[in-house]
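Here is the structure we will look at.
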Protein chains: 2
Amino acid sequence: MRQDDEEGAPLSPEELERRLRAIGAERYHSLHPFHRLLHGGKLTKGQVQAWALNRYYYQASIPRKDASLLARLPTPELRREWRRRLVDHDGDGVTPGGVERWLKLTDGLGLDRGYVTSLAGLLPATRFAVDAYVAFVQERSVLEAVASSLTELFSPAIISERVEGMLRSYDFVSPDTLAYFTPRLTQAPQDSAFALAYVKREARTRAEQELVLGALRFKCDLLWAQLDALHFAYVEPRLPPPGAFRPEGM
Amino acid sequence: MRQDDEEGAPLSPEELERRLRAIGAERYHSLHPFHRLLHGGKLTKGQVQAWALNRYYYQASIPRKDASLLARLPTPELRREWRRRLVDHDGDGVTPGGVERWLKLTDGLGLDRGYVTSLAGLLPATRFAVDAYVAFVQERSVLEAVASSLTELFSPAIISERVEGMLRSYDFVSPDTLAYFTPRLTQAPQDSAFALAYVKREARTRAEQELVLGALRFKCDLLWAQLDALHFAYVEPRLPPPGAFRPEGM
């Protein structure tokens, strides 16, 4: 954050939203070459396995970060909202949550579930990026923690593109294995509408607004870094680090 | 860590050392293709700048991790040993420490010191890996924190190779700009001899020994991940993430 930004006049809530959306337009991981390959049907099954295996750790960590934020929220209204996110990801014991649905995807790709959940084949860079997210939500202000969830503003577009592209291109995925994504198309807009209204209301000074913008940049960076690591290890130059998952034949 | 390892008979101290050295032989970042290019004179000045800029954050964070360990050490003897490391890195106000000497390198490469220390051009993956190291030392046992410093067992060899290779190959480095490394050739063996004796003495059960081995693997992984990110952004496929340093002409 630059000094002059921090000390400037507050932005209008509409201008804050415009700047948040501009960050997405510049930095959201839909622009990453790995996603273009994934959605365009250009990856091998092994490369898609590597993506699903690594992304599992991100999915499995979302409830950790949401629970740590939940524990710090001051009102029943806010806690109910954040509790709903936990239900979405952890399920209610009847309807499977997002983590369980993600494992349906790794199952469908032929990965052993014990291997996936052991994290034994995870890229270290995935672990560092995801753990940085959990630590950010634990350590920063509630305002920044809420703001870091705002990438969901941009996710419905990428999910639609992903599901359509993957179903069209890969004979090893089916609507059933991609079942993770369908509920996200309604959950994410509900989540992000709440979070966006929250930061527009609660970030009153320019310094607070800059923290909100910085939190979204940070979140875009860590999603991007996960794809950099996948691309490096499995696409080009294709050098998985010692100990990481190696698809059959690699 | 596998259950059977954890429950096995303790290794002899010599066998523990052998296994620690085997981890270095397999995973230390001297084996990374980026280092081969760096030491072999195959990088452009811009690529060497990117390495020095990113590695600055690692260097600057070493005293943070050492201070957090120092604060948890139980005896004057251990604290004196760890205090020496702080002196090595932070200096004594007369002789410059390692952080200051690293900035001589970035100065010598033509990077603006304010830009370097602002971390504005840092690769997010560098930040995540380095912060993971600091968090590991803060959160894990003293035994694991000490063990994570054991990559210094392997650093004198890489430093000799680096200094020799860089001086031979690059007209933009000089003995003066590489002054960081000279004291490390005596400091690192002193540090690692102490840490190795400590873990051989203090890791008594097999479970403790496996934690020691795991800590060194973790440390190798985070050094490796930093080079993966540099290689990806600046060598191949050469795609620096949004906001990261871009060398002139890139």
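The values are calculated or read from the model by the stated rules, or taken from the named source; none is laboratory data. Please read these numbers as outputs of a predicted model, since none were measured by experiment. Positions of Cβ are backbone-derived with ideal geometry, glycine not excepted, and every protein chain shown enters the neighbour counts. Surface areas here come from the heavy atoms of the whole protein model, side chains and all, with no ligands, DNA or RNA. Shrake-Rupley method; radii C 1.70, N 1.55, O 1.52, S 1.80 Å.
For chain B, the relative contact order works out to 36 percent when only alpha carbon pairs closer than 8 Å and six or more residues apart are counted.
On a 1.4 Å probe surface of the protein chains, which of B:Trp82, B:Trp224 comes out largest in accessible area, and what is the full order?
Values: B:Trp82 0, B:Trp224 30 Å².
The ranking, largest first, comes out as B:Trp224, B:Trp82.
3J(HN,Hα) along the stretch A:87-97: 4, 4, 8, 9, x, 10, x, 10, 7, x, x Hz, from the Karplus curve 6.51 cos²θ - 1.76 cosθ + 1.60 with θ = phi - 60°, whole Hz, x for Gly and Pro.
Sequentially through the stretch A:121-137, phi angles give Karplus couplings (6.51, -1.76, 1.60; θ = phi - 60°) of x, 4, 5, x, 4, 5, 4, 5, 5, 5, 5, 5, 5, 4, 5, 4, 5 Hz, Gly and Pro residues having no value and appearing as x. The dipole here belongs to the stretch B:94-250: it is taken about the Cα centre, uses +1 on the Cβ of Lys and Arg and -1 on the Cβ of Asp and Glu, and is about 240 debye. The figure for A:Asp221 is an accessible area of roughly 30 square angstrom, using a 1.4 Å probe on the protein chains alone. From helices alone, chain A scores -22500 deg cm²/dmol at 222 nm; the rule is -39500 (n - 2.57) for each run of n ≥ 4 DSSP H residues, then divide by the residue total.
Counting only protein heavy atoms, what percent of the accessible surface of the stretch B:1-142 is carbon or sulfur at a 1.4 Å probe? C and S atoms contribute 51 percent here. Kindly tabulate the residues in the stretch A:216-238 with an accessible-area decrease of at least 40 Å² between the chain alone and the assembly of all protein chains, using a probe of 1.4 Å. Residues losing area: A:Asp221, A:Trp224, A:Asp228, A:Phe232, A:Glu236, A:Pro237. Computed over every Cα-Cα pair of the stretch B:74-228 and binned at 10 Å starting from 0, the pair-distance distribution P(r) comes out as 9, 32, 39, 16, 3, 0 percent. Counting only heavy atoms of the protein chains and using a 1.4 Å probe, B:Asp171 has close to 150 Å² of accessible surface. Quick note on the protein assembly as shown: its Rg to Rh ratio, both from C-alpha atoms and Rh being the Kirkwood radius, is 0.97. With both labels modelled 7 Å from their Cα along Cα-to-Cβ, the A:Glu26 to A:Thr117 distance reads 4.2 nm. Accessible surface for the protein assembly as shown, divided over its residues, is 42 Å² per residue with a 1.4 Å probe.
Of the residues B:Phe172, A:Phe181, the one with the largest accessible area comes first in the ranking B:Phe172, A:Phe181, computed with a 1.4 Å probe on protein heavy atoms. Phi-derived couplings, Karplus 6.51 cos²θ - 1.76 cosθ + 1.60 at θ = phi - 60°, listed residue by residue for the stretch A:144-156: 5, 4, 5, 4, 5, 7, 6, 4, 5, 4, 9, 7, x Hz, with x used for Gly and Pro. Computed with a 1.4 Å probe over protein heavy atoms only, the accessible area of A:Lys219 comes to about 10 Å².
Based on the alpha-carbon gyration tensor of the stretch B:1-146 and its eigenvalue square roots a ≥ b ≥ c, which shape applies: rounded if a/c is under 1.5, prolate if not and a/b is larger than b/c, or oblate? Show your work: numbers first, answer last.
Values: a/c = 2.18, a/b = 1.40, b/c = 1.56.
Oblate.
Mean-square fluctuations from a GNM of chain B, with a 10 angstrom spring cutoff on Cα atoms, peak among B:Gly97, B:Gly24, B:Gly110 at B:Gly110.
Only protein heavy atoms count here, probed at 1.4 Å, and on that basis chains A and B bury about 1900 Å² of accessible area in total.
To the nearest 20 Debye, how big is the dipole of the stretch A:102-169 about its Cα centre, given +1 on the beta carbon of each Lys and Arg and -1 on that of each Asp and Glu?
Charge dipole of the stretch A:102-169: 160 debye, to the nearest 20.
With the cut-off at under 19 Å, measuring from each backbone N in the stretch B:227-250 to a point 7 Å along the Cα-to-Cβ line of B:Asp171 picks out B:248-249.
For chain A, a Gaussian network of Cα nodes joined below 10 Å ranks A:Thr177, A:Thr95, A:Thr106 by mean-square fluctuation, and the top entry is A:Thr95. Heavy-atom accessible area with a 1.4 Å probe sorts B:Leu119, A:Leu43, largest first, into B:Leu119, A:Leu43.
Across the copies of the chain, A:Asp92 has label points (7 Å from Cα along Cα→Cβ) spaced 6.8 nm apart, shortest distance listed first. Note on the stretch A:144-179 and the stretch A:210-226: Cα centroid distance 19 Å, given to the nearest whole angstrom. Between identical copies, the spacing of B:Glu202 label points, each set 7 Å from Cα toward the C-beta atom, reads 4.0 nm from nearest to farthest.
A Gaussian network model of chain B, with springs between Cα atoms under 10 Å, assigns the largest mean-square fluctuation among B:Arg19, B:Arg127, B:Arg55 to B:Arg19.
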